[in-house]
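Notes for the one structure printed next.
Values in this text are rule-based calculations from the coordinates and carry no lab data. Keep in mind that this is a model prediction, so the values were computed, not measured. Don't worry about glycine lacking a Cβ; one is built from the backbone with ideal geometry, like all the others, and counts go over all protein chains shown.
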Amino acid sequence: MGFPDNVLTRNEEVRLHTRPHWKDAVGPVLWFVVFLLVASILVYLVPSDWGSAALYTRIGIVAVFLGLIVWLSVLPWIRWQSTHYVLTTHRVIWQEGVANRQSMHVNLNRVSSVTYNQSIGERLLGFGDLKINTADDDDVEWRNVPRVDKAKSALYQLIEDNQGRPAQQPTDGT
């Protein structure tokens, strides 16, 4: 799911577009594999001499595990795929969701400070959390940003490039 260009204003360009670190997608993939394996084993272990009860038992196992796969694997995967962290020449954008979309847009001239946090494990895997404080106290927090130090540097460069430019109002109603 790519970032929709229709939220950009005239003469606005995307300079950084990322999503949360790939480690957020590992859990849903592992749940998928584990549940598929366990469900397959359980369906195989249902004795055939149970007659019609074997069929209903197998259908019940498949239904339960299908529900677990959707809840613990498919939905988190979709959430990860639909989360966008975007820096443009005019704004900082955070967007998440497919059916129910949440979005926050902050003009670069409203950014007052930027900090990031990385534990030692996060440094080894190359991600961290980026907190963007604004003059309006509408703070934006990007979680598990890949190469968070480079994202912070890119944001500071955009702020520096944006100084002296008049504030642009988004045309998409946000």
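From the P(r) of the chain, could you give the percentage of C-alpha pairs in the tail past 27 Å? The answer is 42 percent, as a whole percent. Applied to the range 108-124, the Karplus parametrisation 6.51 cos²θ - 1.76 cosθ + 1.60 on θ = phi - 60° returns per-residue 3J(HN,Hα) values of 4, 6, 9, 6, 9, 7, 9, 10, 9, 10, 9, 7, 5, x, 5, 5, 5 Hz, with x for Gly and Pro. At R0 = 35 Å, how high is the FRET efficiency between V38 and R101 if r is their beta carbon distance? Nearest 0.05 is fine. The value I calculate is 0.55. Here each label is just a point 7 Å from Cα along the line to Cβ, and for A53 and W71 those points are 2.6 nm apart.
How long is the gain from L16 to A63 if the chain were fully straight, where each residue apart is worth 0.36 nm and the alpha carbon distance is subtracted?
12.8 nm
Mind jotting down a quarter of the surface of the convex hull over the alpha carbons of the range 25-79, in square nanometres, one decimal? Write down the numbers at each step before the final one.
On the way: hull surface 13.3 nm².
It is 3.3 nm².
Sparse packing (at most 11 other Cβ atoms within 10 Å of the Cβ) combined with a DSSP loop state is found for the following trypsin sites (Lys or Arg not before Pro) in the range 88-124: R101. Net charge dipole, the chain: roughly 300 debye, given to the nearest 20, about the Cα centre with Cβ charges of +1 for Lys and Arg and -1 for Asp and Glu. Restricting to DSSP loop positions (anything but H, G, I, E, B) with no more than 15 other Cβ atoms inside 10 Å of their own Cβ, which GluC sites (Glu not before Pro) remain in the range 1-110? Within the range 1-110, the qualifying GluC sites (Glu not before Pro) (loop, at most 15 other Cβ atoms within 10 Å) are E13. Loop-located trypsin sites (Lys or Arg not before Pro) in the range 125-164 (DSSP state not H, G, I, E or B) with no more than 15 neighbouring Cβ atoms inside 10 Å: R147.
So, counting K/R as plus one and D/E as minus one, what does the shell of residues with Cβ under 13 Å around A25 add up to? Provide the component values of the computation, followed by the final result.
Numbers: positive: R19, K23, R79; negative: D24.
Neighbourhood net charge equals +2.
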